[in-house]
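The values are calculated or read from the model by the stated rules, or taken from the named source; none is laboratory data. Owing to the predicted nature of the structure, the values given are computational and were not obtained by experimental measurement. Positions of Cβ are backbone-derived with ideal geometry, glycine not excepted, and every protein chain shown enters the neighbour counts. Accessible surface areas use protein heavy atoms only, side chains included; no ligands, DNA or RNA. Shrake-Rupley method; radii C 1.70, N 1.55, O 1.52, S 1.80 Å.
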Amino acid sequence: MPRRAYRAAAFAFMVCALACGSVAACSVEFHDASRPPVLNGIHKIKHVIIIMQENRSFDNYFGTYPGADGIPMKNGEPTVCVPDFIENKPRTCVKPYHNPYDLNVGGPHGIADVQPTINGGKMDGFLQRLPLGNRDSLFYPPAPKGVCNDYLHPSCYGGLPPDLMGYHNGKDIPNYWDYARNFVLQDHMFEPVAAYSLPAHLYMVSAWSASCSKQSDPASCKNEPSNVDHIFPGVGTYTTPNYAWTDITYLLAKHRVSWKEYVDNATGPYCKIYQPKCQSLPQNGTPMLWNVLPFFTTVHQDKQLGNIQKLSHFFADAKNGALPSVAWIVPSAKNSEHPAGLITTGQSYVTDLIDAIMRSPDWKSSVIFLAWDDWGGFYDHVLPPKVDANGYAFRVPALVISPYAKKGYIDHQTLSFDAYLKFIEDDFLGGQRLDPKTDGRPDPRPTVRENVSVLGNLFNDFDFSQTPRAPLLLPIHPKTDLLPPPKT
């Protein structure tokens, strides 16, 4: 091989290794100087699809999964319990239990609930938060008694008792457990921010949650993990969010990397459950606090608002082998598994998405990251690591599905949604981070989350030397042991 070609190939190998995080992540085919070296490893992934569901803890879905860091058990019985604060009577201790019902309630899961629930590391304050009033009173105006006009409204729970200590098993959610058995289950994926859905979705695309005083000015943003003031400034009012800090779409546009957000059954950001004029409408669409990209300054400045599309475009793109490099899929309330959405409905929706990708010509070069955005108040026994003033919060279920994913592998690394951004940056952006010092659009974020030492590397979930795995097509409506909610 000519010396010049060898040096070029060696340089390419070094670049790939740096981007992938290890020498093992990459290999280079050596060619003569007339042909560029072929990078393998992580760059075999040309399509990253993030499916984000709602409001489940790891123990709620996978607490009894064999080999996972699940609910502590002895002889099949939980060895942990949580003090019962539901009623004013002598305290008892409630153990996790199998919940056979399709409709769940969950519990309080706002920023004010995180530390009292952790309770100094005891992880036993879950039930203590229940007497504080309507679990979602901050978000939902009162509804007429017996009226269920929104899938997220407490009126839809039918008076069910608290069930946040309940868990489900493989007979309840068979497809999710089948994905775990055949691909990768992550048992230390933590919500990146100690708060509820909106900040979690903001972190998913930007690794930060902030409040900005000036339109389109990233320097005017300040740390705000709850990110609630401008959305709920008063009952029945609404102001347009101003997400002026830097998100990943800015870097994707800068590097000419394609992206899309597919939104399931959105009803529009200005007519939501927070406005009285909308209360008479059947609000089973996608709440704006899950659909955050339309409010980022960068999306407008880069003229990429058209990248936010209805879910029907996803199915067309998958069928035609036209999936973008990076995609986010955001559910409707009905399909989200957020109480009071049915688990079976959400599992069927997710299976339909995954089957579409597996049938796509793009399957052979894709990875699906499936996760749930926050814990929804459900019990989890693992203490979240503290990486900065904002997080992490509780564990959530997470799966990696790809033709290059290891089979039946349980990833015990400490992870958060920041790892998704890190993977995207390593795969498509040469390792560039959302770093105010280097990204060209500085904001005052407190931490470059992709670089925190505790964060694992998703590369460990793959074997890029293996023959690409065949699709695992699962039934959209699998047999399940889940029962309809009990009559109250």
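Here is a yes/no grid of residues against (1) in contact with a His (Cβ under 9 Å, 6 or more places away or on another chain); (2) assigned to a loop (DSSP other than H, G, I, E, B); (3) within 30 Å of Tyr176 (Cα to Cα); (4) β-branched (Val, Ile, Thr):
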{"residue": "Glu425", "(1), (2), (3), (4)": "no, no, yes, no"}
{"residue": "Asp443", "(1), (2), (3), (4)": "no, yes, no, no"}
{"residue": "Leu455", "(1), (2), (3), (4)": "no, yes, yes, no"}
{"residue": "His477", "(1), (2), (3), (4)": "no, yes, yes, no"}
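Exactly one residue out of Gly391, Gly376 is within 24 Å of Lys95 (Cα to Cα) and surrounded by 19 or more Cβ atoms within 10 Å (Cβ to Cβ): that is Gly376. Checking segment 53-70 against the condition returns a match, with at least one residue being at pLDDT 95 or above, part of a loop (DSSP other than H, G, I, E, B), surrounded by fewer than 22 Cβ atoms within 10 Å (Cβ to Cβ) and touching a Gly at 6+ places or on another chain (Cβ under 6 Å).
In segment 321-346, of all residues being among the polar types (S, T, N, Q) and touching a residue at least 12 places away in the same chain (Cβ under 8 Å), the one that is nearest to Trp363 (Cα to Cα) corresponds to Ser325. Look at (1) open to solvent by 50 Å² or more (accessible area, probe 1.4 Å); (2) in contact (Cβ under 8 Å) with a residue 12 or more places away in the chain and you find that Leu474 fails only one, number (1). Test of understanding: among Gly430, Gly440, Gly377, which residue is closer than 15 Å to Ser57 by Cβ, in contact (Cβ under 8 Å) with a residue 40 or more places away in the chain and not β-branched (Val, Ile, Thr)? None of the other options fit; the residue is Gly377.
Okay, residues lined up against (1) more than 18 Å from Asn223 (Cβ to Cβ); (2) crowded, with 24+ Cβ neighbours inside 10 Å; (3) modelled with pLDDT of 95 or more; (4) touching a helix residue (DSSP H, G or I) at 6+ places or on another chain (Cβ under 9 Å):
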residue	(1), (2), (3), (4)
Leu415	yes, yes, yes, yes
Gln432	yes, no, yes, yes
Asp443	no, no, yes, yes
Ala470	yes, no, yes, yes
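Residues considered: Thr351, Thr345. Of these, the only one that is open to solvent by 20 Å² or more (accessible area, probe 1.4 Å), among the hydroxyl-bearing types (Ser, Thr, Tyr) and farther than 25 Å from Val452 by Cβ is Thr345.
Just the residues that are modelled with pLDDT under 95 and buried (at least 24 other Cβ atoms within 10 Å of the Cβ), please, taken from segment 153-193. The answer is Leu164, and nothing else.
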